[in-house]
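Trainee: Dropping the structure in here first, questions after.
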Amino acid sequence: MVTRSVCLYEGRIIGIESIYTVIDGRQINIPHKVEELRRLGREKKLFCPCGCGGNLILVAGERNQRDQHFRMQDTARHDCHVRNESEYSLKSKIVLKCWLDDKLPGLETESRVPIYMLEDHTRRYEFSLLNRKGKVAVSYLRDSANLSDEKLQILDENASDISVVIVCDTGNRNSSGQYPEYLMKMQQRQGYCLFLQPADLNYDGSMLSAVVYVKNEKGLWEELELTEDLLTSYAFTGDGKLLYKDKLVADIAAAASDEYEKKKEVRIVEAKKREEENLKRYHEELEKRKRYYEEQEKRRQATFARFSNYQNSTNNQFNRTQDESKPGYIKEHHEPVKSKQLSEEEQRRIGLADVREKIARRVPKAMDRFEVRWAQCTACGEIKPGVEFKRYGANEAEGCLGLCKDCFDAGRSEWSLIPKPEQICPRCGSRLKPMNGPYGEFWGCSNYPNCKYSKRK
């Protein structure tokens, strides 16, 4: 922070930036300004601006900036309430003073000129820099939050024919998408926002950016950069308007805003079109899925109906078998339902191939896809549902084998003749029997030609 960068002389505030100017593009101090302030200090005509009554002397000069530009002569005074100023802010004001001297040559620029036409004198609003003959005033803000509606109103009421240029520090730029409340006040007044980036004490290296803020089609605020160049590239018209390469910055801002609004309308139309297309594709996909699930439901119901019919037939056969044991029952000829009577489609849906594989591996309970138990009869070799069996094997390894009711009723009992694993077809679970061929004897499936499995003896 910089202490005492201003002094009070005959009721007028004088800033240290007033001793600087620009010659041949270089920023230098003005000798007669320095000597005049030194003389006024020695004559005790410079006072502290806080109102404490202390006399100040100039200590800055050819050494450029110091932490304290004006020093209190009476160091014993303790009731001083002078406000400190940031070094960055002071450098910005010096650079802007040199800018006005460079672009308005021969016309004197005053610094920190108060706006007198106020009823509330506790408000110390001021022009940071004022060139009366050039009709240009600069109001510099280190923080954009200091740009209040009251200050803007006072500037408008007291500027008369003077063009006021409001400049902010570059750290106030807003590209977060949030509404730039304070910057919009500046933009609404002059049509754009100006941001200064000083290069230490080098006027010719300082940068100035012109920016406008616009709201996009999503409701977010975007920053449109109009110009970004050296401060020396900007100038003024005869009536104080800001120029950039012979073009009014206000006109550049208006053209950029109009162009953005046109593109924004096109983007809105395109976004709406994309939204409609996405909605259409969504409904098409929804309808496609609906048809798919309807087909799946029909197939499931058809499979369930076939399985229900099969279960009913097996249950009816079981009931008839139970009735046969009753006295006076006349047995009717009925062919038992066997697995080979099922069509290939029904066998596939029931998962009979998996059942045969489980029986070949001696799984205790060979279940199909509908949780129906199947087993293989050791007398006839047929693979049937569990309801058609009279009994099953005595241990876990024989749980998938048993004696069917037909063989039990016929008096056939080959329970002790359980085929060995190597005598079972690994494909369909049927018996393997010895056969002769052109190459000698081999084992062939008894379910031939439905199953053509074979192996050498």
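Trainee: Restrict the check to region 245-255 and report whether at least one residue is basic (Lys, Arg), open to solvent by 90 Å² or more (accessible area, probe 1.4 Å) and closer than 30 Å to THR232 by Cβ.
Mentor: yes
Trainee: Can THR227 be described as of a type in the set (S, T, N, Q) and open to solvent by less than 40 Å² (accessible area, probe 1.4 Å)? Give the steps one after another, and end with the answer.
Mentor: Numbers: of a type in the set (S, T, N, Q): yes; open to solvent by less than 40 Å² (accessible area, probe 1.4 Å): yes.
Criteria met by THR227.
Trainee: Also: Let me confirm something: among ALA210, ALA235, ALA271, which residue is out of contact with any helix residue (DSSP H, G or I) (no Cβ under 6 Å at 6 or more places or on another chain) and in contact (Cβ under 8 Å) with a residue 40 or more places away in the chain? If you could, list the steps in order and put the result at the bottom.
Mentor: On the way: ALA210 fails: out of contact with any helix residue (DSSP H, G or I) (no Cβ under 6 Å at 6 or more places or on another chain); ALA235 fails: out of contact with any helix residue (DSSP H, G or I) (no Cβ under 6 Å at 6 or more places or on another chain).
Just one listed residue meets the conditions, ALA271.
Trainee: Run down LEU231, LEU242 and say which single residue is closer than 18 Å to ARG142 by Cα and more than 30 Å from the chain's Cα centre (by Cα). Walk me through it before giving the result.
Mentor: On the way: LEU242 fails: closer than 18 Å to ARG142 by Cα.
Every option except LEU231 fails the conditions.
Trainee: Limited to region 80-103, what total is found for residues that are aliphatic (A, V, I, L, M) and not in a helix (DSSP H, G or I)? Write out each step before concluding.
Mentor: Narrowing region 80-103 to residues aliphatic (A, V, I, L, M): 82, 90, 94-96, 100.
From the residues that got through so far, the ones that are not in a helix (DSSP H, G or I) too are 82.
So the count comes out to 1.
Trainee: So in region 31-53, with the set limited to residues that are open to solvent by less than 40 Å² (accessible area, probe 1.4 Å) and modelled with pLDDT of 85 or more, which one is nearest to GLU85 (Cα to Cα)?
Mentor: Step by step, filter region 31-53, then rank; the result is CYS48.
Trainee: For LYS264, are the conditions met, namely being open to solvent by 90 Å² or more (accessible area, probe 1.4 Å), under 23 Å from VAL212 (Cα atoms) and of a type in the set (D, E, K, R)?
Mentor: no
Trainee: Could you tell me how many of the residues in region 131-166 are aliphatic (A, V, I, L, M), part of a helix (DSSP H, G or I) and open to solvent by 10 Å² or more (accessible area, probe 1.4 Å)?
Mentor: Of the residues in region 131-166, the ones aliphatic (A, V, I, L, M) are 136-138, 141, 145, 147, 152, 154-155, 159, 162, 164-166.
Imposing the further condition that a residue be part of a helix (DSSP H, G or I) reduces the set to 145, 152, 154-155.
This time we only want the ones that are open to solvent by 10 Å² or more (accessible area, probe 1.4 Å), so: 145, 152, 154.
Residues in region 131-166 being aliphatic (A, V, I, L, M), part of a helix (DSSP H, G or I) and open to solvent by 10 Å² or more (accessible area, probe 1.4 Å): 3 in total.
Trainee: With the requirement that a residue be open to solvent by less than 40 Å² (accessible area, probe 1.4 Å), free of Cβ contacts under 8 Å to residues at least 40 places away in the same chain and either under 30 Å from LYS264 (Cβ atoms) or in contact with an Asp or Glu (Cβ under 7 Å, 6 or more places away or on another chain) (or both), what does region 195-207 give you?
Mentor: Answer for region 195-207, where residues must be open to solvent by less than 40 Å² (accessible area, probe 1.4 Å), free of Cβ contacts under 8 Å to residues at least 40 places away in the same chain and either under 30 Å from LYS264 (Cβ atoms) or in contact with an Asp or Glu (Cβ under 7 Å, 6 or more places away or on another chain) (or both): just PHE195.
The values are calculated or read from the model by the stated rules, or taken from the named source; none is laboratory data. Being a predicted model, the structure only gives us computed values, none of them experimental. Positions of Cβ are backbone-derived with ideal geometry, glycine not excepted, and every protein chain shown enters the neighbour counts. Ligands, DNA and RNA are excluded from the accessible area calculation, which covers all protein heavy atoms including side chains. Shrake-Rupley method; radii C 1.70, N 1.55, O 1.52, S 1.80 Å.
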